[in-house]
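Chemist: First, the structure itself, so that you have it in front of you.
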Amino acid sequence: MAPMVPVPGGTTVLRAPGLRRCYVADMSVRQRTQRPPIDLSVELERAVERGEFGLEYQPIIDLGTGSIAAVEALLRWRHPLMGTIAPGDYLPLAEETGLIVPIGERVLDAATRQVRTWHLGFARMQDLKVNVNVSARQLTDPGLLEHINTVLQRADLDPAALTLELGPDCVEHADAIDELADVGVGLAIEDFGLGSSLDAVRDLPLTAVKLHPSFASMAAGDDEDVTFAEGLLTLCRARDLRTIGKGVETREQARRLAVLGCDMAQGYLYSKPLGSEGIGTLLARGRVTAPSPAR
């Protein structure tokens, strides 16, 4: 397996209709005319073979203590010509072609190994968890369950240290989710509060929910917004689900989420996604920010 490494950078994206999407690098007009667009569908398959994917991690903060409770593993693709390609522009293609399965396997392997390394390297981080996104296409893969068991054993990692983040479209695969719950991994639904995610809280064996980013603003908004946010958080507590505020950018948002009873928060207020070395520096401190005010 090719090594998984964190990558920086960014690109300017041009999309072509349909499956065969093309990219042009962020370069001068003259250079654009000299270099043809790249067929993203072809390059994606080659990227898997060449090991062009890597991981960055973003900390998830306990709002009560200010400590780092978990990190989310975020996939990054650095193309040799195009630089870093935005996930939103290749993940749907990976899903369509089925390449998300081998990509996802590598992510799970790398993320579980990394969190185990942090457990061994930082005495006070034995409870650190890692969150990994799993798509609906991955849930339908018959080899997913075996692969998760394999990477957990390989990393000598307690299943509870791994949380799988499920998109709203995953709720249709209840049987697969039940099997994952039997393994003992955590299960979190993303963008809680939208569409069928409400049904998921009622029907699926979840351990956590990640609130839609709009919740951070609602928590610090007017009375009507606050009442709505508080109601959904109350529902989560009734189901004994941990709640994670996503997209937190201001101290006021974090404060209000804590006051309303949200358990954790994630966003640029605390840290942008970082490579393993950058996260290691944060873990050495033990926390990213001071504890939030008492609820």
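Chemist: Restricting attention to the stretch 156-180, which residues are touching a strand residue (DSSP E or B) at 6+ places or on another chain (Cβ under 9 Å), closer than 18 Å to Glu105 by Cα and either open to solvent by less than 10 Å² (accessible area, probe 1.4 Å) or in a helix (DSSP H, G or I) (or both)?
Modeler: Pro159, Ala161, Leu162, Leu164, Glu165, Leu166, Cys170, Ile177, Leu180
Chemist: Does the stretch 71-91 hold any residues that are over 13 Å from Asn133 (Cβ atoms), out of contact with any Gly (no Cβ under 6 Å at 6 or more places or on another chain) and either of a type outside the set (D, E, K, R) or part of a helix (DSSP H, G or I) (or both), and which are they?
Modeler: Scanning the stretch 71-91 gives Trp77, His79, Pro80, Leu81, Met82, Ile85, Ala86, Asp89, Tyr90.
Chemist: Let me ask something else. Any idea which of (1) touching a helix residue (DSSP H, G or I) at 6+ places or on another chain (Cβ under 6 Å); (2) assigned to a helix (DSSP H, G or I); (3) open to solvent by 40 Å² or more (accessible area, probe 1.4 Å) is the one His147 doesn't satisfy?
Modeler: (3)
Chemist: Report yes if Arg256 is open to solvent by 10 Å² or more (accessible area, probe 1.4 Å), out of contact with any His (no Cβ under 7 Å at 6 or more places or on another chain) and within 18 Å of Gln58 (Cα to Cα), otherwise no.
Modeler: Here the answer is no, as Arg256 does not meet what is asked.
Chemist: Among the residues that make up the stretch 58-69, is at least one of them under 30 Å from Gln253 (Cβ atoms) and assigned to a helix (DSSP H, G or I)?
Modeler: No: the stretch 58-69 contains no residue that is under 30 Å from Gln253 (Cβ atoms) and assigned to a helix (DSSP H, G or I).
Chemist: Picking from Leu187, Leu198, which residue would you name as being in contact with a Pro (Cβ under 7 Å, 6 or more places away or on another chain), within 19 Å of Leu235 (Cβ to Cβ) and surrounded by 15 or more Cβ atoms within 10 Å (Cβ to Cβ)?
Modeler: Among Leu187, Leu198, only Leu187 is in contact with a Pro (Cβ under 7 Å, 6 or more places away or on another chain), within 19 Å of Leu235 (Cβ to Cβ) and surrounded by 15 or more Cβ atoms within 10 Å (Cβ to Cβ).
Chemist: With the requirement that a residue be of a type in the set (Asp, Glu) and modelled with pLDDT of 95 or more, what does the stretch 155-174 give you?
Modeler: Matches in the stretch 155-174: Asp156, Asp158, Glu165.
The values are calculated or read from the model by the stated rules, or taken from the named source; none is laboratory data. Note that this is a predicted model, so its numbers are computed, not measured. Every residue, glycine among them, receives a Cβ derived from its backbone with ideal geometry; neighbour counts consider all protein chains shown. To get the accessible areas, we keep the full protein, side chains included, count just its heavy atoms, and leave off ligands, DNA and RNA. Shrake-Rupley method; radii C 1.70, N 1.55, O 1.52, S 1.80 Å.
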